[in-house]
Every structure is written in C-alpha cells, then in structure tokens.
C-alpha cells in the first residue's frame, strides 16, 4: 500500500508500469536500455479514491488523462530506471495530495466605498482624455 494522505492509500496493484526508451541523457546506453517509466493509474475505476478527490484529480491531470480516465505519467529525467520509477510514483502521489485538498469556498464580498470611488474617478479621467481628443484642437 502506498500512503498518500492519512485517509488515502493506494494499492500497488492499481498502478501499472511500463518501461520505454528515454530521450535525453544516458550516453550510449540511451539507445540500448529502456530507462524511462510510463506509469498508468486508472483514476475513474480506483476504489481507493473518494468521489470528490477523483473529480479534482481529473481536473488537475489535464492532458495527462486519457479519454478512459487513465492518468499517464512519463518519467525520464534520470539515467536509471529505478530513479525514474521513484520519480513517477512521487509525481503521482503529489498530484493526488494536491487533489485531496478541498478548495476553500469563496465568500462573496462587496467592493469598498473607496474602491468604487477610485473606479469612477479613473473612468472620469479616461472620459476627459477622450473628450480632449474630440475637441478638434488645431494640429500642425
């Protein structure tokens, strides 16, 4: 079990890893070894995630989420497969942690009297500038 938050844990069997060839650093090994990791996590079918966290995670994932609701994270920053595996898993856990935090609800507030006055003043100033342009001052 992978502990994400005190309330959320993910079973390792829910995560699917495949190894592909990486671009970037690696010297001659880059052409021979599959050091990049492609981690897949089925967000929509995961029994470990509460519904609200699932919704926020789908929004946060953006382009990394397939049409089927599978989150795909590709890690190829490091030269070794093990470090890329750790990096991909760390990024998944971080994404789920961010989704687990519920946004604070916005409390409606009214603009202050001073801010309304400043807005009206700036509109009057702008209007005055445009009025001067229309006045047809003689130009050389």
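At 0.36 nm per residue, and after removing the present C-alpha to C-alpha distance, how many nm does the segment from residue 52 to residue 17 gain when stretched out fully?
Once the chain is fully extended between residue 52 and residue 17, it gains 10.0 nm.
Expected output is a single nm value to one decimal: the length gained when fully extending between residue 118 and residue 74, i.e. 0.36 nm times separation in residues minus the C-alpha distance. What is it?
10.8 nm is the gain from fully extending residue 118 to residue 74.
Among 59, 85, 67, whose mean-square fluctuation peaks in a Gaussian network model of the chain (Cα, cutoff 10 Å)?
Of the options given, 67 has the highest mean-square fluctuation.
Report relative contact order for the chain in percent, whole number only (criteria: Cα-Cα under 8 Å, sequence separation at least 6). Don't skip to the end; give the middle numbers.
On the way: 152 pairs, mean separation 28.3, N = 140.
Once divided by the residue count of the chain, the mean separation gives 20 percent.
Ratio of the chain's C-alpha Rg to 2.2 N^0.38 Å, to two decimals?
That works out to 1.85 for the chain.
When the distances between all Cα atoms of segment 27-98 are binned every 5 Å from zero, what whole-number percent does each bin get?
P(r) for segment 27-98, in whole percents per bin: 3, 17, 25, 21, 14, 10, 6, 3, 1, 0.
Per the helix-only calculation at 222 nm, which mean residue ellipticity applies to the chain, given -39500 (n - 2.57) for every DSSP H run of n ≥ 4 and division by its residues, nearest 500 deg cm²/dmol? The partial results should precede the final answer.
Values: 3 runs with 53 residues, N = 140.
For the chain, the value works out to -13000 deg cm²/dmol.
May I ask you to derive the FRET efficiency for residue 97 and residue 64 from their Cβ-Cβ distance with R0 = 25 Å, giving the value to the nearest 0.05?
It comes out at approximately 0.95.
Angle, helix 113-134 long axis vs. longest principal axis of the chain, Cα atoms, 0 to 90°, nearest 10?
Relative to the chain, helix 113-134 is tipped by roughly 60 degrees.
Laboratory data are not the source of any read-out in this text; all were calculated from the coordinates shown. Quick caveat: nothing in here was measured; it's all calculated off a predicted structure. Note that each Cβ is placed from the backbone with ideal geometry, even for glycine, and that neighbours are counted across all protein chains shown.
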